[in-house]
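What follows is a single structure, written as structure tokens, with notes after it.
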Amino acid sequence: MEKMNLQRFAEPALPENTITPEINYETEAYINTTPEGDAATWASLGALTKNMAQTLNEVLYQGSYYKDKGWGSTEVVGAQMTLTLTGDCKPGDPAYVYLTKDEVMYGFGDARKTHLKLQRGKDIVVWPVTLANITKAYGDSAATNALTVTIHGNGKPVTGTAVAEV
């Protein structure tokens with residue numbers, strides 16, 4: 001009688017793990033608090049932000065061609081990025097101080113223009129932006145004061161890769 005290693009047949013093969021999805025907090029957002037300067041001063045929005053929602057507000061061209069017998073077609077011909085941040089008011093935080101200072105919050109035109117940097121790992125996107133709808137929400141007496149700001153991209157962003165700091 002031949003000896004067999006039955007243990008080989010009793011243990012199942014290792015199942016594959018699922019693919020890990022991206023985790024939102026891995027994307028960091030920064031605001032340039034010195035837009036009038038020659039170099040950016042980046043303040044993290046991380047301590048203020050509880051939710052970020054990005055949209056591209058695509059511009060669509062829709063046309064119907066004779067050959068399609070009344071059925072339409074759509075082309076994406078442009079876009080504008082908007083990023084809505086919601087979070088908490090935190091006096092003393094550099095990003096909060098910049099967003100809510102009178103010159104920015106109650107100003108128009110150039111007073112609302114700055115830059116946004118989004119970084120995920122080593123990938124960086126930098127956008128010239130306009131700040132809109134800066135709102136301190138107030139609300140329930142036993143809750144924190146909420147902050148909302150909508151950041152509108154101005155033109156095409158630049159992309160790059162972070163360089164390791166020495």
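Below, the figures for the structure above:
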quantity: Which listed residue is surrounded by 12 or more Cβ atoms within 10 Å (Cβ to Cβ), among the aliphatic types (A, V, I, L, M) and in contact with a helix residue (DSSP H, G or I) (Cβ under 8 Å, 6 or more places away or on another chain), from Ala146, Ala95, Ala132; calculated: Ala132
quantity: Lone qualifier among Val77, Val104 - being free of Cβ contacts under 8 Å to residues at least 60 places away in the same chain, in contact with a Phe, Trp or Tyr (Cβ under 8 Å, 6 or more places away or on another chain) and part of a helix (DSSP H, G or I); calculated: Val104
quantity: Residue list for the stretch 107-143, filter: over 14 Å from the mean Cα position of the chain (by Cα), in contact (Cβ under 8 Å) with a residue 24 or more places away in the chain and part of a loop (DSSP other than H, G, I, E, B); calculated: Lys122
quantity: Thr49 vs. criteria surrounded by fewer than 16 Cβ atoms within 10 Å (Cβ to Cβ), closer than 28 Å to His115 by Cα and either β-branched (Val, Ile, Thr) or at pLDDT 95 or above (or both); calculated: no
quantity: Criterion: polar (S, T, N, Q), within 30 Å of Asn145 (Cβ to Cβ) and part of a loop (DSSP other than H, G, I, E, B) - qualifying residue of Thr86, Thr34, Thr18; calculated: Thr34
quantity: First in the stretch 153-166 and under 20 Å from Val129 (Cβ atoms) and at pLDDT 80 or above, second anywhere and part of a loop (DSSP other than H, G, I, E, B) and polar (S, T, N, Q), Cβ under 8 Å, 6 or more apart; calculated: Gly153/Gln80
quantity: Pair list, Cβ < 6 Å and 6+ apart or interchain, from the stretch 17-37 residues that are loosely packed, with under 10 Cβ neighbours inside 10 Å to residues that are not in a loop (DSSP other than H, G, I, E, B); calculated: Glu26/Arg120
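The values are calculated or read from the model by the stated rules, or taken from the named source; none is laboratory data. This structure is a prediction, so every number in the text was calculated from the model and none was measured. Cβ coordinates were reconstructed from backbone atoms using ideal geometry, including for glycine residues, and neighbour counts include every protein chain displayed.
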